[in-house]
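First comes the structure, then the notes that go with it.
The values are calculated or read from the model by the stated rules, or taken from the named source; none is laboratory data. Bear in mind that the values here come from a model prediction, so they are computed numbers and not experimental data. Neighbour counts are summed over all protein chains in view; Cβ atoms, including those assigned to glycine, are modelled from backbone coordinates with ideal geometry.
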Amino acid sequence: MKQITVSAPGKLILLGEHAVVYGKPAIIVSVAKRCFVTLTPRNDKTIKIVSENQDQVLDYPEFIISKTLEYFHKKLTLGFDLSINSQIPINGGMGSSSALAVSIAGAVSLFLGQKFDKEKINAIAYLAEQKKHGNPSGGDNSTCCFGGLVWFRKETPDLKIISQLPFNIHEKITNNFLTIFTGTPKESTKEMVNIVEELYKKRPKFIQSIFNRQESLVRELLPALKNGDEDVIIKCIRQSEKNLEHLGVVPPFVKLGIQKIEKIGGAAKICGAGGRTKGGGILLAYHKNRKELETLLEFHKFDFSPITLASEGVRQEL
Ligand code: PMV
């Protein structure tokens, strides 16, 4: 049997984080940073997992393999070597664990002689993610699996709408985005969600009005991405960032950095849970002239990298 390589993209929350916890919609997008998994069949029963990413904990890959076997009601007669090489930063809010779950589920499915069925791969990845994260929405693994733009909304605790959008980001703007790493947040996602909850309890009307504004921005951003309407994209990112600041999830030094980007005509926002005291995680930045933004970021020694959004979902590499 031949070697099998499968890859899956990471993801970013384009807009709607935190409000999504309260039933508002969010847009999640796949990114052109991928997790590659290569499976090489062995002649004995051993399963050997090697990761080129030093901070990768290997019990999660083991768990994903066992979930895939369980899903297809299969037992292994022969083992394999599994090597992991991911371009997605770990714990950076870019879906590193979801992309890993999706790519391992894909590679092991093929090894078991199954069809490359994205629905099934996604179902396995979700089972694995539930074990890792407790009660994840399923939006992350779905985005890493199907790729492109995903509309996500939790209607009730038992009903979630996770829908791959039937269009892509307009190609003229897809290369104008950058990500900026502002440092790993000291607070976990759970802590940040709790901070917002406390605020909601104290000032329900004000916080609800912010969530309502976030929903309007999500709905406005969607057609702007499709049509490549840069002015609307910049407006939506700027306004959503201000709303996130009101929620207290943007650390002070990150706010200052964002102001510098806005001064030269760009826009930036945190993506994900954010932070309070130290890092704010990944920022998504947009400028009509990416070079101009890069010059500013280089001058201030920001840790940035260009990012192509809405890349292809899980695939078998040939
Ligand atoms: O930083 P991430 O990728 O874990 O995103 C968190 C997004 C929140 O809306 C803050 C929480 C959630 O469960 O949706």
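Tabulated values for the structure
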{"item": "Among the residues listed as 149, 76, the single one being free of Cβ contacts under 8 Å to residues at least 40 places away in the same chain and either in contact with a helix residue (DSSP H, G or I) (Cβ under 8 Å, 6 or more places away or on another chain) or not assigned by TED's automatic domain parsing to the domain that holds residue 15 (or both)", "result": "76"}
{"item": "Which listed residue, of 155, 187, is out of contact with any helix residue (DSSP H, G or I) (no Cβ under 6 Å at 6 or more places or on another chain), under 21 Å from residue 245 (Cβ atoms), in contact (Cβ under 8 Å) with a residue 24 or more places away in the chain and not aromatic (Phe, Trp, Tyr)", "result": "187"}
{"item": "Conditions (1) more than 16 Å from the ligand (Cβ to nearest atom); (2) surrounded by 16 or more Cβ atoms within 10 Å (Cβ to Cβ): number failed by residue 62", "result": "(2)"}
{"item": "Residues that are part of a loop (DSSP other than H, G, I, E, B) and within 14 Å of the ligand (Cβ to nearest atom), drawn from the range 187-217", "result": "187, 188"}
{"item": "Output for the range 154-167, where each listed residue is of a type outside the set (A, V, I, L, M), part of a strand (DSSP E or B) and under 13 Å from residue 136 (Cα atoms)", "result": "154, 160"}
{"item": "Selection count where residues are over 16 Å from residue 12 (Cα atoms) and within 13 Å of the ligand (Cβ to nearest atom), scope the range 134-166", "result": "5"}
{"item": "The range 268-302 - residue that is under 20 Å from residue 244 (Cβ atoms) and basic (Lys, Arg) and, of those, farthest from the ligand (Cβ to nearest atom)", "result": "278"}
{"item": "The range 1-19, residues that are of a type in the set (A, V, I, L, M, F, W, C) and either more than 12 Å from the ligand (Cβ to nearest atom) or within 28 Å of residue 53 (Cβ to Cβ) (or both)", "result": "1, 4, 6, 8, 12, 13, 14"}
{"item": "Test result for residue 119, part of a helix (DSSP H, G or I), of a type in the set (D, E, K, R) and surrounded by fewer than 24 Cβ atoms within 10 Å (Cβ to Cβ)", "result": "yes"}
{"item": "Qualifying positions in the range 129-144 - crowded, with 20+ Cβ neighbours inside 10 Å and touching a Ser or Thr at 6+ places or on another chain (Cβ under 8 Å)", "result": "129, 140, 141, 143, 144"}
{"item": "Pair list, Cβ < 8 Å and 6+ apart or interchain, from the range 194-220 residues that are under 12 Å from residue 246 (Cβ atoms) and without any contact (Cβ under 8 Å) to a residue 40 or more places away in the chain to residues that are within 16 Å of the ligand (Cβ to nearest atom) and of a type in the set (S, T, N, Q)", "result": "213/243"}
{"item": "Scope the range 244-267; condition surrounded by 20 or more Cβ atoms within 10 Å (Cβ to Cβ), within 16 Å of the ligand (Cβ to nearest atom) and not in a loop (DSSP other than H, G, I, E, B); matching residues", "result": "244, 254"}
{"item": "Among (1) assigned to a strand (DSSP E or B); (2) of a type in the set (A, V, I, L, M); (3) surrounded by fewer than 16 Cβ atoms within 10 Å (Cβ to Cβ) - the single one residue 283 does not satisfy", "result": "(3)"}
{"item": "All positions within the range 79-88 that are surrounded by fewer than 19 Cβ atoms within 10 Å (Cβ to Cβ) and in contact (Cβ under 8 Å) with a residue 40 or more places away in the chain", "result": "81, 83, 85, 87"}
